[in-house]
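Remarks on the structure that follows.
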Amino acid sequence: MKKTLLILSISFVLPVGITSAQNPSPEPVSEKVRTAATAMPDRILLGIKEDPATSMSVTWRTDTSVSKAVAELALAESGPLFVKRSQAFKAETVSHQADTGTVHYHSVTFSKLTPKTQYVYRVGDGVNWSAWIHFETASQTAEPFSFIYFGDAQNAVKSHWSRVFRQAFKDSPNAKFMLHAGDLVNRGNRDVEWDEWCAAGGWVNAMLPTVAIPGNHEYDIDRRVPIPEERAEQKKLPRILATRWQSRFEFPENGPDQFLENGLSETCYWFEYQGVCIVALNSMEDIDTQAQWLEEVLSNNDSQWTIVTHHHPVYSASEGRDNVELRDAWQPIYDKYKVDLVIQGHDHSYGRTGQRTYQNVPVGRQARSKSGGTVYVVSVSGPKMYERNVFDFLRRAEDTQLYQVITIDNDQLHYAAKTATGNLYDAFTLKKTDSEANELINQIPETPERKRPETQK
């Protein structure tokens, strides 16, 4: 049989005017260009400011040409005719001087909504509009739901943290909100970092509410004023809460009176979601004032479950970091009011305790407090990593990006920590019992802890 040899010739055609000899070195796109705002709405972000069963808040950004912004809202329908029944809401507009230029942030709170109902909204200036976007209000009564919890994103948000966010949403697309335990970015007053954080969440941020508290990296030097070039001189400058915090986020303004008076509103707050009390604390500020406020909030709390979040951990997961003052001020209150779970960040490694009380710190993997106690978690979702602490946790990890899915189902709280690739790394269930103490059911997978080779001990 005669064989035929077929030779394929592949050629590359360069665009007209470009030759192979012309290979100019690429230049980085400037931060001012990367972050430029226009009249088109961008960085759209849902938030919980009032009762999540009957309201929803939204913020977005434009350039300064938009001084009168508006949002439109309707009940979601299967077809496009809802547009004829939409209602307009006038936005509040504030000017924000970022390090890359002045922009406008706009906010609207949709109120008097029907619980457990899907709505559709858009934002704009009457001519330049976003897409129509869905959200759903909470139930007014206790019903099962899930939310996603992230430890520090902080660094390389675009290149590394974005994949963790996407995996988390893929894993739990019906989550009701995303909770961030501080250090969302590395430098709280750098607009380019917030640009990456908003881009990483993308359209999901416009559909699922964000819940967040500030970490130490949301406290930054004021980049609107001249900054000395010398690093040593920069370190001497006072740190302030990110200047965009209140205009970027919409959270309850029910924190301590002192916080409302001195510009720290929406950094310490609480809300109830379908039978769960969520308390957010600002571990960068006056912890004694917050302790008094926390005592008042929890003394009036009749929710079946109570979850607290703050940035600095009660029990540190990384070497050489311990927050004794915070533990002494807040943990006795957690014990007194039987807080179920405390979720934290800051340490850039993973650690999860058993049930702990202030006076009873169990030793060993199977140890439990006979009187119950709170479970404490420290986690990290971004790529910045620290060496783990030798403190006794039931599950630890180094050099591992994680997200957590927390599900409340009547008398059970299910917790699952998963890696950036979606693999289960840690899990447990808390179960309400007839006694005062929860039952802790550990469900740690049969895989070894992830440790650096030099710390395999």
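Quick rundown of the values:
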item	result
Residue in the range 223-252 that is nearest to TRP60 (Cα to Cα), counting only those that are of a type in the set (S, T, N, Q) and not in a loop (DSSP other than H, G, I, E, B)	SER247
Leading residue by the ranking (farthest from VAL314 (Cα to Cα)) among those in the range 253-286 that are in a strand (DSSP E or B) and among the aromatic types (Phe, Trp, Tyr)	TYR273
Among (1) farther than 22 Å from HIS312 by Cβ; (2) within 16 Å of the chain's Cα centre (by Cα); (3) assigned to a helix (DSSP H, G or I); (4) not hydrophobic (A, V, I, L, M, F, W, C) - the single one GLU193 does not satisfy	(1)
Subset tally (residues that are surrounded by fewer than 20 Cβ atoms within 10 Å (Cβ to Cβ) and not in a loop (DSSP other than H, G, I, E, B)) for the range 298-313	1
Condition check for ALA175: closer than 19 Å to ALA416 by Cβ and buried (at least 18 other Cβ atoms within 10 Å of the Cβ)	yes
Residue check, ARG187 within 20 Å of GLN344 (Cα to Cα), surrounded by fewer than 22 Cβ atoms within 10 Å (Cβ to Cβ) and among the charged types (D, E, K, R)	yes
Wholly within the range 1-107, strands (runs of 3 or more DSSP E) carrying at least 2 residues that are touching a helix residue (DSSP H, G or I) at 6+ places or on another chain (Cβ under 9 Å) and modelled with pLDDT of 95 or more	42-47, 56-62, 70-75, 92-98
Meets criteria (of a type in the set (D, E, K, R) and farther than 27 Å from VAL33 by Cα) for LYS90	yes
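The values are calculated or read from the model by the stated rules, or taken from the named source; none is laboratory data. A quick note: this is a predicted structure, and the numbers were derived from the prediction, not measured. Backbone-built Cβ (ideal geometry, glycine too); neighbour counts: all protein chains shown.
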